[in-house]
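The values are calculated or read from the model by the stated rules, or taken from the named source; none is laboratory data. Note that the structure is a prediction, hence the values are computed from the model and not measured. Every residue, glycine as well, gets a Cβ built from its backbone with ideal geometry; the counts of neighbours run over all protein chains shown.
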Amino acid sequence: MGPLFAVVTFALLGAGFGELSVLAHPHPVFHATRFHGISLLLSPFITGLMMSWVGRGHRRRGQEPMRIESFSYGFTFALAMVLVRLAFVN
């Protein structure tokens, strides 16, 4: 699987899980504040960092990490999910 195909796949998966999360919880998780939309930046960034951390742990134990266990693919997944929630919940 090439990198472009992986990015598209993780974006589609993120969008799909975003739709499922809207069906499960159709209301905003946090109420609007002065910094409306900050989660659009923070959530994917934090998710990317956490997935990178998980991948680093696998490499330290001599295991091969999955593709999603990197900053860029974790960020892509979370960004697509957040964009879908932003579009349908707000």
### Message
Checking the structure you have, find out if any residue of the range 29-49 is out of contact with any helix residue (DSSP H, G or I) (no Cβ under 6 Å at 6 or more places or on another chain) and among the basic types (Lys, Arg).
### Response
yes
### Message
It is to be established whether one or more residues within the range 29-37 are in a helix (DSSP H, G or I) and either in contact with a Lys or Arg (Cβ under 8 Å, 6 or more places away or on another chain) or of a type in the set (Gly, Ala, Ser) (or both).
### Response
no
### Query
Is there a residue in the range 29-46 that is exposed (fewer than 15 other Cβ atoms within 10 Å of the Cβ), more than 17 Å from VAL89 (Cβ to Cβ) and not hydrophobic (A, V, I, L, M, F, W, C)?
yes
## Note on the structure
In the range 7-39, residues that are modelled with pLDDT under 85 and within 16 Å of ALA78 (Cβ to Cβ) total 5
## Note on the structure
Reported set for the range 1-19 where residues are assigned to a helix (DSSP H, G or I) and free of Cβ contacts under 8 Å to residues at least 40 places away in the same chain is PRO3, LEU4, PHE5, VAL8, THR9, GLY16
#### Entry: Whichever residue in the range 50-79 is surrounded by fewer than 20 Cβ atoms within 10 Å (Cβ to Cβ) and touching a residue at least 24 places away in the same chain (Cβ under 8 Å) and, among such residues, is farthest from ALA15 (Cα to Cα)
MET50
